[in-house]
Amino acid sequence: MSQSQTFLPAELWSGRLFAGRWREGATTAAVLEPATGTELGRVALADPALIASQAAEAAHAQRAWAALPYDERAQVLRKAARLAEDHADEIAGWVVRESGSIQMKAGFEVAVTIKALHEASGLPSRSAGEVLPSEPGRLSLARRRPLGVVGVIPPFNFPLYLAMRAVAPALALGNAVVLKPDPRTAVCGGMVIARLFELAGLPAGVLQVLPGDGAAGAAMTSDPNIDMIQFTGSTAAGRKVGEAASRHLKKVSLELGGKNSLIVLDDADLDLAIANTAWGVYLHQGQICMSAGRVLVQRGIYDSFVQKLIAKASSLKVGNPVHGDVRIGPLINAVQRDNALRIIDAATQAGAVVETGGTHEGLFLAPTVLSGVTPDNPAFHEEIFGPVAVVIPFDSDEDAIRLANDTEYGLSMAVLSRDVGRALKLGESLRTGLLHINDQTVNDEVVNPFGGVGASGNGSSIGGAANWEEFTQWQWLTVKGQAPAYPF
């Protein structure tokens, strides 16, 4: 990285992790740039023993942090937001180089991260409960209390924001946090956050940033000092996290994968539909849980739509996202690339047609359009997590509903139509946690409750008003002027 860095110099984090303070790690992993394979440094990894010791430290620090006046906690969040604003370009540079994000996406990710900090800074001053009806002479209160220590396990695709959207509100509401960023994005998804809160004056020990592998994550699910797990990632991994945490009666928030449908009705503006589809399918190479995994197009406009989408996909520049005019960057690693290629190959063997794309150079997979996909095709059901548009015709609105709901997932869906009433009526029958009328499937504004149903999550939501439910628990408190004289 550039020697002009002032916010996160290499000597601060290289070979280290943030265990209440910057400290050396016993083992390290390379920080790689997916676009070039260049090693940007090495980050220390936590093992289960370190998870245990630092979770205990976090539990100890949490009590004093929760006891601080509400405005002192808010001030730390506000200062962290200002620091992120001051160093936005440097932070975005890390998101580009470490996660393979194009610059537009990295800038957006930093912006919503800053917004998450600002929103969280308002939580400490909001009402924390209510007065309940009770008998005369007794004050009955329901109040929200911190959970204790929140374990946060975010993914690689939006590493900074998907960590901060949990870290910031959890801290604001009086919890301590153990954050285990994905080792593939441990700097932009972990060390950046550690540095922001260190400089903002967060008391030592309240935040632990401990990159690690699956063993470290498993240790978090079983550790008695960690009261909750907030996990974002694949459905397969989420099932394991939920099962492991449930054995210890931990609260679990799971935000998982999706096979999201973008429905294009025959009265939609075709050019706008193509623009929405390209964004929903190809943004960040399709490596987003909300990506439009199916594009359902009414048969009357299907052929014209496919031809326009082929032209759009073919026009998107693929390359190193350090260059500003690039629209498609690299996939995160060879495993992800090979999985996308596997599904494309299986889809063609089952009768699908690769209209464009389907080829790769290194980790760069050309934006792809698949037609001829039927409900018995692997591409219809599997989450590809790559830049692949799966375009499927339908006849009636009822047919679109049936196809869209034919999935175990239920995260995000969208409907494009000039007739808003028609789109809303169709949307009422869609089984999804997020629904967008006249927009594509990839949306998050921080202030909204975000979560899916079915295999996309366990019914929990994160963001906005939902943060109070996620990161606190109810306590019933009653007060009498004098203890009653009970009859025995």
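The values are calculated or read from the model by the stated rules, or taken from the named source; none is laboratory data. Only a predicted model underlies this, so the values are computations on that prediction, with no experimental measurement involved. No Cβ is skipped: glycine too gets one built from the backbone with ideal geometry, and neighbour counts run over all protein chains shown. Heavy atoms of the whole protein, side chains included, go into the accessibility calculation; ligands, DNA and RNA do not. Shrake-Rupley method; radii C 1.70, N 1.55, O 1.52, S 1.80 Å.
Details
- Qualifying residues in segment 404-422 (those that are in contact (Cβ under 8 Å) with a residue 40 or more places away in the chain and over 26 Å from the mean Cα position of the chain (by Cα)) - the one most open to solvent (accessible area, probe 1.4 Å): Arg418
- Residue in segment 337-348 that is basic (Lys, Arg), modelled with pLDDT of 95 or more, surrounded by 20 or more Cβ atoms within 10 Å (Cβ to Cβ) and part of a helix (DSSP H, G or I) present: yes
- Scanning segment 387-399 for residues that are surrounded by 24 or more Cβ atoms within 10 Å (Cβ to Cβ) and among the small types (Gly, Ala, Ser) gives a single hit, Ala389.
- Of the residues making up segment 10-24, those that are open to solvent by less than 50 Å² (accessible area, probe 1.4 Å) and farther than 23 Å from Glu90 by Cβ number 2.
- Among residues of segment 463-488 that are touching a residue at least 24 places away in the same chain (Cβ under 8 Å), those with a Cβ under 6 angstrom from a residue that is aromatic (Phe, Trp, Tyr) and in a strand (DSSP E or B), sequence gap 6+ or separate chain, pair up as Gly463/Phe450.
- Of the residues Glu109, Glu135, the single one that is surrounded by fewer than 16 Cβ atoms within 10 Å (Cβ to Cβ) and either over 30 Å from Ala64 (Cα atoms) or in the same structural domain as Pro321 (by the TED database) (or both) is Glu135.
- The residue that is most open to solvent (accessible area, probe 1.4 Å), among those in segment 360-376 that are under 27 Å from the mean Cα position of the chain (by Cα) and more than 19 Å from Phe305 (Cα to Cα), is His360.
- Unmet requirement for Glu39, which otherwise passes all of (1) open to solvent by 40 Å² or more (accessible area, probe 1.4 Å); (2) touching a residue at least 24 places away in the same chain (Cβ under 8 Å); (3) within 30 Å of Val322 (Cα to Cα): (2)
- Residue within segment 327-346 that is within 23 Å of Asp303 (Cβ to Cβ), touching a helix residue (DSSP H, G or I) at 6+ places or on another chain (Cβ under 7 Å) and among the small types (Gly, Ala, Ser) present: no
- The residue that is nearest to Gly362 (Cα to Cα), among those in segment 42-58 that are open to solvent by 50 Å² or more (accessible area, probe 1.4 Å) and of a type in the set (Gly, Ala, Ser), is Ala49.
- Here the condition is being in contact (Cβ under 8 Å) with a residue 24 or more places away in the chain, more than 27 Å from Ala111 (Cα to Cα), aliphatic (A, V, I, L, M) and in the same structural domain as Gly217 (by the TED database); of Ala88, Ala80, Ala55, it holds for Ala55 alone.
- Filter pass, Gly452 being at pLDDT 95 or above and farther than 28 Å from Asp227 by Cα: no
- Among residues of segment 230-271 being under 20 Å from Val306 (Cα atoms) and in a helix (DSSP H, G or I), the one that is least open to solvent (accessible area, probe 1.4 Å) is Leu270.
- So Pro224, is it touching a residue at least 12 places away in the same chain (Cβ under 8 Å) and under 23 Å from Asn467 (Cβ atoms): no
- Note on segment 76-102: among residues that are under 21 Å from Phe385 (Cβ atoms) and not hydroxyl-bearing (Ser, Thr, Tyr), the one that is farthest from the chain's Cα centre (by Cα) is Arg97.
- Checked against the criterion of being closer than 23 Å to Val177 by Cα and surrounded by fewer than 16 Cβ atoms within 10 Å (Cβ to Cβ), segment 448-461 contains one or more residues that satisfy it.
- Of the candidates Ala219, Ala215, Ala176, the single residue that is open to solvent by 40 Å² or more (accessible area, probe 1.4 Å), touching a residue at least 40 places away in the same chain (Cβ under 8 Å) and more than 30 Å from Arg327 (Cα to Cα) is Ala215.
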